[in-house]
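Shown next, in structure tokens, is the structure this report addresses.
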Amino acid sequence: MRKLISLILLVIIAGGIVLSLKEIPFGISKIKIGDYYIKKGIEETGATNIVTSVVVSYRGFDTLGEITILFTAAIGLSAVLGTYRKRKAGEKVEPPSFIVKTGCRFLFPILLLVGAYIFIHGHLTPGGGFQGGAIIASAFLLMYLGCEGKRINENTSIVVEVLGALTFIVLGIIGLTIGKDFLFNFLPKGEPNTLLSAGIIPVIYIAIGFKVGSELAGIIDHLIEKNQ
Amino acid sequence: MEIVILILVFLMIVSAIAALIFKDLMNAVIASCVVSLIAAVLFYFLQAPDVAMAEAAIGAALVTGIFVIAVKRTKRFEE
Amino acid sequence: MVNPILLIVIPLGLAFVVPLFRFISKKIEKFIPFFALLANLIISLTLFPHVLEKPIHVSIGGFLPPLGINLVAGPLGILFAMLIALVGFLVSIYAFAYIKEKDQEKYHILYLLLLTGATGVVLTGDIFNLFVFFEILCISSYSLVAYFGDKPGIESAVKYLIQGAVGSSLVLIGIGLLYGQFGTLNMADIASNIHSVHSISVFIPLVLLITGFGVEAAIFPLNAWLPDAHSSAPSSISAILSGIAIEVGLYAIVRVVFTLFGASSILTFLLFLGVITLLIGELCAFNQENIKRMLAYSSIGQIGLIVFALSIGSLSGINGGLFQLVSHTLSKALLFLAAGYMIFRSGSMNISSFEGMGKKMPYTSFAFTIGAFSIVGLPPFIGFPGKFMILKAALFEQDILFTILVFLILLATIIEGAYFFRVVQTIYFKGEKSTPGQEREIAPLSVLIPVFIFVGLIVVIGIYPKLITEILESSASELLNRADYIKNILP
């Protein structure tokens, strides 16, 4: 009976969403703001990757909020898990096999390099701070799988995290004090399609990359080490 | 091209349903990983490489890793 | 003139700095929220006279709306920002002595982030940005509910997390549908085009947004998480959750209904929801033996009353609703803080363990009594003008429906009075006659100072309601004048 009622409710909700979706003209450039971004994005921000110009420049404040959400989640997780620690003494973890060990050791530096490449070139090619950071964190996940006994240093990861976030905020405040708005792109835009272009966008994306990478690695560390 | 996308969408729905009905949670985690992976490929076909990259790195790699850790710490089978 | 963005950036920046203090001294970190919120209070007070003349709006990143994100510091936003900074500031003083367990660093970071999220929600002029700050608010409150790490705390946090996550995803779907139809995320831009599309396709996002924000605002069918979460959190956090978090959820609903959609037809529905929420909250509170659960249910009831008042839809109704909101924030924060210290001393949340508290802790009991009287709506305190304004606004509609609803509200007030007087009676008149040599414990100053500032505010505003009526009136007219709001941002 309960299942039936919830099924009927779900069907009603789905029907409503479909009714609303029907009105949206997909594939037509009616989306007016998006159209503007595509036409003027490179000129106004200097970033060749339009998505980056939207994420870091036009809607940079949202990105600041998003990295704060991640920070909140990481801090909340460590606050909750830190209390719930029950170490069972004498419980041994099976050592990884030779293939896992070698594979992880081989992939770890490559993944770090790929992650760094992605966030450094965030304003030129697809990807950016979040994606690069997530790839770096997955490299650390492999490290936990393949290399026994190796851990990230908690203090270092916190310092990197804090400095990354502070870079973002300080750049924003510099924009404010120069007399314009918060997060104003005050550096020269440079020639589009070169590494040193788009003003503060690459700086912010590199900061985000470091922050996201160390934060997600910290979350993995907490889950694997603390709660055994 | 159309047919490839259709097959991918079909596979995605199948693995999403599979993730729901599997009693072994480890299998369910792998099935949901497949959903993310196919979603990443579809995003790429829809010309959203940025989203595809994020979906692949977070949805397929990190979330799966975290779920596997969580399943190992709790119970493997659903009653 | 100060830039209103500082209201968000200062606490956010300081929250990021807090982890660095572990390398210097562990003693400093608890003063960070104090200074951050003091700065916020000063900034919002300096902005206050400017806002009454003309709403301030600033864009971020050098892009004018609707291209970039903008902040709108209107009377309503600054009213909320002031409330958040004031209550947050006083509760941060309370936390000096109250939070002793465990990793205090994390408590202070999460506390600052919660208030940053709340400030962001009330100041932003962009619907997706509102969602982002709303998530900061929600996620930090999930983890603060579980801060003690005991079993009831974690259980209720998980309950809260699941319901809140469902609510947030509904909000996200609603925003996605709006973006698909209007191609913009700026609230003023959407509001100016809202009547250009078919009404059914706007109705669905409206319902999704109200449901999603309604989870945080604890409107009737969506409030299952609240009693557990508010009663198992640390008392300072209960005060913030009851005084700030649910009000911010309500702000989001009001902003969406009045400004974004201009939907006056859904108000009748919200009117009934408000009265049902009020009755259910008060009836459940009547049966509670646990003091914090009782206060939590009473918050549900008060939110119902505020929803009712705001959905009357007239200027005086909204005015009364906002007054009641201010009064509930101050009184409920005071009640939770006072009750928190009494629980701390008696070691139990049971109302019966408060017997004889009036003798043992005279100051705290006195403050609790003032808060209880104010919530019930007794004349010299702030609760009285609020309830009076709401009833007057409802009766002014001269509708038989409103007369019935007013009768129900009075009934709920009687129930409310009954259970609060029972607690006050337990505190003062129950228990064995105290022996002359019985110790009188005086709470530390860091507890008494915030508690008595709340008492002072409750009494002063209760006697001179004119102190805040000016900003309330301009907030209410900001809500009702959509056209002005749109014209201000999109000239």
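Greater than 26 Å separation of Cα atoms is the criterion. Which listed pairs, C:30/C:360; C:332/C:430; C:292/C:360; C:54/C:466, meet it?
Numbers: C:30/C:360 29 Å; C:332/C:430 24 Å; C:292/C:360 20 Å; C:54/C:466 20 Å.
With Cα atoms farther than 26 Å apart: C:30/C:360.
Could you order the peptides A:134-144, C:393-403, C:355-365, C:25-35 from most to least packed, using the average number of other C-beta atoms within 10 Å per residue?
Highest to lowest by the protection proxy: A:134-144, C:355-365, C:25-35, C:393-403.
Would you work out if segment A:118-228 is rounded, prolate or oblate? Take a ≥ b ≥ c from the square roots of the eigenvalues of the alpha-carbon gyration tensor; rounded if a/c is under 1.5, else prolate when a/b is larger than b/c, oblate otherwise. List each step's numbers first, then the result.
On the way: a/c = 3.96, a/b = 1.91, b/c = 2.07.
Since a/c reaches 1.5 but b/c is at least a/b, the shape of segment A:118-228 is classed as oblate.
Using a Cα-Cα cut-off of under 20 Å, which aspartates and glutamates could be cross-linked to residue C:26, ignoring same-chain neighbours fewer than 8 residues away?
Those aspartates and glutamates meeting the cut-off are A:154, A:161, C:101, C:103, C:105.
What does the helix-only formula give at 222 nm for chain B: each DSSP H stretch with n ≥ 4 adding -39500 (n - 2.57), the total divided by the residues, and the result rounded to the nearest 500 deg cm²/dmol? Kindly include the intermediate steps, with their values, before the conclusion.
Details: 4 runs with 58 residues, N = 79.
The per-residue figure over chain B is -24000 deg cm²/dmol.
I'd like to check one number: the per residue accessible area of chain C, probe 1.4 Å, reported in Å² as a whole number.
Values: 16070 Å² over 491 residues.
About 33 Å² of surface per residue is accessible.
Once you keep just the Cα pairs under 8 angstrom separated by 6 or more residues, what percentage relative contact order results for segment C:29-187?
Relative contact order, segment C:29-187: 22 percent.
Run the accessible area of segment A:38-178 with a 1.4 Å probe and give the carbon-and-sulfur part as a rounded percent.
The nonpolar share, carbon plus sulfur, comes to 68 percent.
Classify segment C:370-491 as rounded, prolate or oblate from the Cα gyration tensor: take a ≥ b ≥ c as the square roots of its eigenvalues, call it rounded if a/c is under 1.5, otherwise prolate when a/b beats b/c and oblate if not.
Note, shape of segment C:370-491 comes out oblate.
What value in Å³ per residue do you get for the convex hull of the alpha-carbon atoms in segment C:276-315?
43
Shape of chain A from its Cα gyration tensor (a ≥ b ≥ c, root eigenvalues): rounded if a/c is under 1.5, otherwise prolate when a/b > b/c, or oblate?
oblate
Mind jotting down the distance between the C-alpha centroids of segment C:106-172 and segment A:1-70, whole Å?
So the two Cα centres are separated by 22 Å.
Just want to confirm a number: the relative contact order over segment C:6-489, from Cα pairs under 8 angstrom separated by 6+ residues, in percent. Before the final figure, lay out the partial values.
Working: 794 pairs, mean separation 74.6, N = 484.
Relative contact order of segment C:6-489: 15 percent.
With axes computed from alpha carbons, what is the tilt in degrees of helix C:75-98 against the longest principal axis of chain C, rounded to the nearest 10 within 0 to 90?
Result, in degrees: 30.
Using only helices, what value at 222 nm comes out for chain A when you add -39,500 (n - 2.57) per DSSP H run of length 4 or more and divide by the total residues, to the nearest 500 deg cm²/dmol?
The helix-only estimate for chain A comes to -21500 deg cm²/dmol at 222 nm.
Hey, any idea what % of chain C's accessible area is carbon plus sulfur with a 1.4 Å probe?
70
Taking every alpha carbon pair in segment C:153-207, what does the distance histogram look like in 5 angstrom bins from 0, in percent?
Cα pair-distance distribution for segment C:153-207, in percent: 4, 18, 23, 18, 10, 9, 8, 6, 3, 0.
Using mean Cβ contacts within 10 Å as the protection proxy, how do C:143-155, B:7-19 order, highest first?
Final packing ranking: C:143-155, B:7-19.
Rounded to the nearest 500 deg cm²/dmol, what is the calculated helix-only ellipticity per residue at 222 nm for chain C, with -39500 (n - 2.57) per DSSP H run of length n ≥ 4?
About -24500 deg cm²/dmol.
Shielding by partners for C:128-134, please: the mean number of other protein chain Cβ atoms within 10 Å of each residue's Cβ. Write down the numbers at each step before the final one.
Numbers: counts 3, 5, 1, 2, 9, 5, 1.
Partner-chain Cβ atoms within 10 Å, mean over residues of C:128-134: 4.
How about segment A:116-152: which of its residues lose at least 40 Å² of accessible area in the presence of all protein chains relative to their chain isolated, using a 1.4 Å probe?
A:126, A:131, A:134, A:141
Lys and Arg at +1, Asp and Glu at -1: add these up for the other residues within a Cβ distance under 13 Å of residue C:284 and post the number. Please report the intermediate quantities before stating the final value.
Working: positive: C:293; negative: C:228, C:282, C:289, C:416.
Taking every other residue near residue C:284 into account, the sum is -3.
Mind checking how much accessible area B and A bury in total, 1.4 Å probe, in Å² rounded to 100?
Buried area between the two chains comes out at roughly 1200 Å².
Would you mind giving the three semi-axes, in whole Å and largest first, of the ellipsoid equivalent to chain C according to its Cα gyration tensor?
35, 27, 20
Rounded to a whole number of µm²/s, how large is the Stokes-Einstein D of the protein assembly as shown at 10 °C and 1.306 mPa s, given Rh as the Kirkwood radius over C-alpha pairs?
Once the numbers are plugged in, D ends up at 57 µm²/s.
More than 21 Å apart: what percent of Cα pairs in segment C:45-134 qualify?
It works out to 42 percent of all Cα pairs.
For segment B:2-73, what is the accessible area per residue in Å², given a 1.4 Å probe and the full set of protein chains?
Roughly 57 Å² per residue, with all protein chains present.
Given bins 10 angstrom wide, list per bin the percent of all Cα-Cα distances in segment C:237-329, short to long.
Answer for segment C:237-329: a P(r) of 18, 48, 27, 7, 0 percent.
Between helix C:104-123 and chain C, what is the angle of the helix's C-alpha long axis to the longest principal axis, kept within 0 to 90° and rounded to the nearest 10?
Its long axis makes an angle of about 40 degrees.
Could you pull the accessible area for residue A:117 with a 1.4 Å probe, rounded to 10 Å²?
Answer for residue A:117: close to 120 Å² accessible.
Partner chain Cβ atoms within 10 Å, averaged over the residues of A:210-220 - can you pull that number for me?
On the way: counts 0, 1, 1, 0, 0, 0, 5, 1, 0, 2, 4.
Mean shielding count: 1.
By how many degrees, between 0 and 90 and to the nearest 10, does the Cα long axis of helix C:127-145 differ from the longest principal axis of chain C?
Between helix and principal axis, roughly 20 degrees.
In whole angstrom, note down how far apart the Cα centers of segment B:1-51 and segment C:288-324 are.
Between the Cα centres of segment B:1-51 and segment C:288-324 lies a distance of 45 Å.
Would you please calculate the Kirkwood hydrodynamic radius of segment B:2-73 over all C-alpha pairs and express it in Å, rounded to one decimal?
For segment B:2-73, inverting the mean 1/r across all distinct Cα pairs yields 12.5 Å.
With every protein chain kept in the model, how would you rank B:2, A:148, C:473 by accessible area, 1.4 Å probe, largest at the top? Walk me through the numbers before you get to the answer.
Values: B:2 145, A:148 115, C:473 95 Å².
So the residues, ranked largest to smallest area, are B:2, A:148, C:473.
With an 8 Å cut-off on Cα pairs and a minimum separation of 6 or more residues, tell me the relative contact order of chain B in percent.
It rounds to 31 percent for chain B.
Which order do the peptides B:67-74, A:3-10, C:228-235, C:15-22 come out in when sorted by mean C-beta neighbours inside 10 angstrom, highest first?
Those peptides, ordered most packed to least, come out C:228-235, C:15-22, B:67-74, A:3-10.
Let me confirm one metric for peptide A:52-63, namely the mean number of other chain beta-carbon atoms within 10 Å of its residues' beta-carbons. Mind dumping the intermediate values first?
Working: counts 1, 0, 2, 1, 1, 4, 7, 11, 5, 16, 10, 1.
Mean number of neighbouring Cβ atoms from other chains: 5.
Can you give me the % of accessible surface on segment B:2-73 that is carbon or sulfur? Probe 1.4 Å, all protein chains present, nothing else counted.
Working: 3310 of 4120 Å².
Carbon and sulfur together cover 80 percent of it.
Chains A and C: what accessible area do they bury, summed, in square angstrom to the nearest 100, with a 1.4 Å probe?
Approximately 4800 Å² gets buried when A meets C.
The values are calculated or read from the model by the stated rules, or taken from the named source; none is laboratory data. Note that the structure is a prediction, hence the values are computed from the model and not measured. Cβ coordinates were reconstructed from backbone atoms using ideal geometry, including for glycine residues, and neighbour counts include every protein chain displayed. Accessible surface areas use protein heavy atoms only, side chains included; no ligands, DNA or RNA. Shrake-Rupley method; radii C 1.70, N 1.55, O 1.52, S 1.80 Å.
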